[in-house]
Amino acid sequence: NLPPKVPVLFDHDGSADDFLSLLLLLTMDAVDLQGVSITPADCYAEQAVETTLKLLLLRQRVDVGVSVGHCHGVNAFPAEWRAKPRILNALPTLINLEVDLSRIDARPSPAFLRDALAAASQPVTVLLTGPCTNLVHALDLAPELVTKIARVVWMGGAVDVGGNVRTYNHDGSAEWNVFWDPLAAQRLLAYHLPLTLIPLDVTNQVPVSRTFLQALAQHAAHPWACLAGQFWATTVDTIPAYEYTYFMWDVLATSYLAIPEAFRLEKLELSIASTGPSAGCTRRQPGSGQWVQVATAVDQAAFYAYLFGQLTQA
Ligand code: AGV
Ligand code: CA
């Protein structure tokens, strides 16, 4: 008798760690992946959907629906970041895989998510590793479906630490997934869903270290460990390294589904700035009534050990 699986809808935005998150999700026995949607934020959708289909194909999961969103953020990601995932499709493991593009769902992601929630026989966990726009637009189409959402787990925000946006007319207080569409983020909070944020406060504690990559490479005979190592290798050229160190952002948020006990969580009342030099800043605001469960610390050893174990399993 296997334990019951948790239904999960996954919306990502096509950066390398979004795909590492998909790769990790596909190793989780307790997860029933019910669909993948794509936010064209830190990617160009054509490349991101191809990588998504290839990873599902490698795991014989062509049953999982895949949809593309067409929304535009107020604050676009730098084009050089968006173009980077092209490299992933050219890696030896992926380059020769023939994917069936006709398999891409005809519905844009908000309608895809709405229908998936409507059809769900039990409340679903929604994992977001990019901006939250697709989900908010899905709820705009059918607000009554909030009852079908068991919880939202979102890699986003920076509460008590600085953000990672470095651009003109911005004070650096925002994290990119919130900054891309601050209004959608504001509206997500206003839905008062059970929301768990995995912000920079906790992702800062888990960099992608060379030591970790070296240890993983010892297990390159495992195809998934090998592929993951290649994905991470595409991220180490970010210059200047002191400013742009790559973190386990989305991968940490994904791990939360499997090892919640490794996280310290605090219930906080938050608010989000939508315009001005702090646009996208997620700050504490007692009295806002917008209670969010915020991850503030993680047992680093437990996280890296979990990740390592999943990627090196047979
Ligand atoms: O802010 C972190 C989010 C995560 O969802 N993304 C990357 C992760 O997928 C934006 C981002 C911040 N810094 C970046 C980012 C960088 N140096 N390169 C690419 N994306
Ligand atoms: Ca992402």
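Since every read-out is calculated from the coordinates, none of them should be taken as a lab result. All of these numbers come straight from a predicted model, not from anything done at the bench. Ideal geometry is used to build each Cβ from the backbone, glycine not excepted, and the neighbour counts take in all protein chains shown.
A compact table of results
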{"read-out": "Which of Asp29, Asp171 has the fewest Cβ neighbours within 10 Å, and the rest in rising order", "value": "Asp29, Asp171"}
{"read-out": "Within region 1-97: Cβ-based charge dipole about Cα centre, in debye rounded to nearest 20 (Lys, Arg +1; Asp, Glu -1)", "value": "200 debye"}
{"read-out": "Which of Leu268, Leu117 has the fewest Cβ neighbours within 10 Å, and the rest in rising order", "value": "Leu268, Leu117"}
{"read-out": "Net charge dipole size for the chain [Lys, Arg +1 and Asp, Glu -1 on Cβ; Debye, nearest 20]", "value": "180 debye"}
{"read-out": "Reduced Cα scattering model of region 163-262, Debye log10 I(q)/I(0), q = 0.12, 0.15, 0.21 Å⁻¹", "value": "-0.54, -0.80, -1.23"}
{"read-out": "Qualifying GluC sites (Glu not before Pro) in region 93-188, DSSP loop, other Cβ atoms within 10 Å at most 15", "value": "Glu98"}
{"read-out": "Rounded to the nearest 20 debye, dipole of region 156-307 from Cβ charges on Lys, Arg, Asp, Glu", "value": "80 debye"}
{"read-out": "Cα-based Rg of the chain normalised by 2.2 N^0.38 Å, two decimals", "value": "0.93"}
{"read-out": "Relative contact order (%) - the chain, alpha-carbon pairs under 8 angstrom, separation at least six", "value": "19 percent"}
{"read-out": "Candidate lysines for bridging to Lys54, where Cα separation is under 24 Å - those fewer than 8 sequence places away on the same chain excluded", "value": "Lys5, Lys84"}
{"read-out": "Contour excess over end-to-end distance, with Cα ends at Ala221 and Asp299 and 0.36 nm allotted per residue", "value": "25.3 nm"}
{"read-out": "Listed residue (Leu117, Ser288, Tyr168) projecting farthest to the positive dipole end of the chain, Cβ model", "value": "Leu117"}
{"read-out": "Given charges at Cβ of Lys, Arg, Asp, Glu: region 147-218 dipole, positive-most of Met155, Pro199, Ala217", "value": "Ala217"}
{"read-out": "Ascending count of other beta-carbon atoms within 10 Å, so fewest first, for Thr196, Thr245, Thr167, Thr133", "value": "Thr167, Thr245, Thr196, Thr133"}
